[in-house]
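The values are calculated or read from the model by the stated rules, or taken from the named source; none is laboratory data. Model, not experiment: these values are computed from the prediction. Counting neighbours? That spans all protein chains shown, and the Cβs are built from the backbone with ideal geometry, glycine included. Protein only, heavy atoms only, side chains kept; ligands, DNA and RNA dropped before computing areas. Shrake-Rupley method; radii C 1.70, N 1.55, O 1.52, S 1.80 Å.
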Amino acid sequence: MTLPPFKLERYFAKYEFNTEFLLCSSDCEAMSIADLLAFESGAAEKFQNTWLGYTESQGSPVLRKEVCNLYTTMQPENILVHTGAGEAIYLFMHAMLKENDHVIVHTPHYQSLSQVAKGIGCQVSPWIAREENGWVLDLDELRHLMRPTTKAVIINTPHNPTGYLMSRADFDKLNKFVQQEKLLLFSDEVYRESEFDPSTRLPAACDYGEHAVSLGVTSKTYGLAGLRIGWIATKNKKVYENMAALKDYTTICNSAPSEFLAEVAMRNRQQLIDRNLGIIQSNVAIVDKLFTSHSSLFTWTRPQAGSMGFPKLLKGDIEEFCDDLVRKAGVLLLPGTMYDDSRNHFRLGLGRKNLPQAVERLEEYLSKTR
Ligand SMILES: Cc1ncc(COP(=O)(O)O)c(C=O)c1O
């Protein structure tokens, strides 16, 4: 299997740790171990006593029990913990897809959601979200993309990079369709629980039935990317067992300190959500103003959830714009070309505390150059 470079990750590798303002991060503001442990009395001492032996391959029982609270019908035996969501994507595709299978992928998307399948030799059809439709996916288009060899539909809502949240009615229909067609639904839900209006939160796909696999992680809504703890939740025993068997060839089991910290995080996740949504909401207000005052230069489709949006530059080339901005002003935006988008979009992150200063710097740059 050959995999081309992961464009977005390579772009971040070049800039993430040497640029003053990251205005395109997908995760929410992180915190220190000390701040996380302060959520629970006695947690700091327990952390010190964490045993540094191998851990249970499927994830610690306590952590899996905590993760179940995200779902309505999951039991700890339905949760398989991974090293980040990235590992789970890689293993799902290797576990369930083979050469010449056909998969349909919500597009634009985080690159591995299609690339791993392509690397295996699958045929991949993009299910395209369009800005002119508010990034809404059209279920009729999905029906037209179907082939006799279709094995899986891969969806990501809340969506990276547009912030699109599927409606409940459409999500119900999507699950029904996938069930009827006897396909698998791989539902990347790493931005779940970051809906601006909590009443719009979708049920997790795994709670609809055995056709579905839900993907979760501590990195995004909860702002704890450094833990590298992700998971899948599914009632599908075959998926679970196949992925667990492959995991023996990748990471075997998870980091013991990270599992303990993730357990604390998940027990206190409402506090993390409130903190991070607070940051996002006040950042969205600033970004709304920015785009209103520069409406001849950018389009802006306001996200409904998650920690990013996907505006479009109306004048000039987006790669050149981002390159000049980072060199002259120390502000990093992510050109949409990293998602194979050729329509001049860029990703703008909403989850970081220093967004107001980053936007100020961007405004200064615009006033000098435009
Ligand atoms: C939609 C989506 N899925 C999966 C991942 C991978 O998450 P992690 O880096 O925490 O493994 C990301 C990270 O950006 C993502 O945006």
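Brief remarks on what is shown
- Cα-based shape type of segment 304-370, given that a ≥ b ≥ c are square roots of the gyration tensor eigenvalues and the cut on a/c is 1.5: oblate
- Convex hull volume of the C-alpha atoms in segment 49-269, normalised per residue: 113 Å³.
- Shape of segment 48-150, Cα gyration tensor, a/c cut at 1.5: prolate
- If you model segment 135-177 as an ellipsoid using its alpha carbon gyration tensor, with each semi-axis the square root of five times an eigenvalue, the axes come out at 19, 12, 9 Å, biggest first.
- Here the mean projected area of the convex hull built on the C-alpha positions of the chain is 17.8 nm².
- Distance between segment 95-132 and segment 176-204 - C-alpha centres, whole angstrom: 17 Å
- Length-normalised contact order for the chain - Cα pairs under 8 Å, 6+ apart - percent: 25 percent
- Solvent-accessible area, 1.4 Å probe, carbon plus sulfur percent, for segment 112-252: 52 percent
- Centre separation in Å (Cα based) which lies between segment 215-250 and segment 311-329: 36 Å
- Carbon + sulfur, % of accessible area of segment 261-338 - ligands and nucleic acids excluded, 1.4 Å: 50 percent
- Here the Gaussian network model covers the chain, with springs between Cα atoms less than 10 Å apart; of W51, W300, W127, W51 fluctuates the most.
- Rounded to the nearest 500, the 222 nm mean residue ellipticity of the chain from helices alone is -12000 deg cm²/dmol, with -39,500 (n - 2.57) taken per DSSP H run of at least 4 residues.
- Per-peptide average of other Cβ atoms within 10 Å, ordering 302-313, 67-78, 215-226 highest first: 215-226, 302-313, 67-78
- Solvent exposure of the chain, expressed per residue, is 43 Å² of accessible area, with all protein chains present and a 1.4 angstrom probe.
- Selected from A262, A44, A212 as most flexible by GNM, with the chain as the system and alpha-carbon contacts under 10 Å: A44
- With the biggest extent put first, the Cα atoms of segment 137-266 measure 46, 37, 23 Å across the principal axes.
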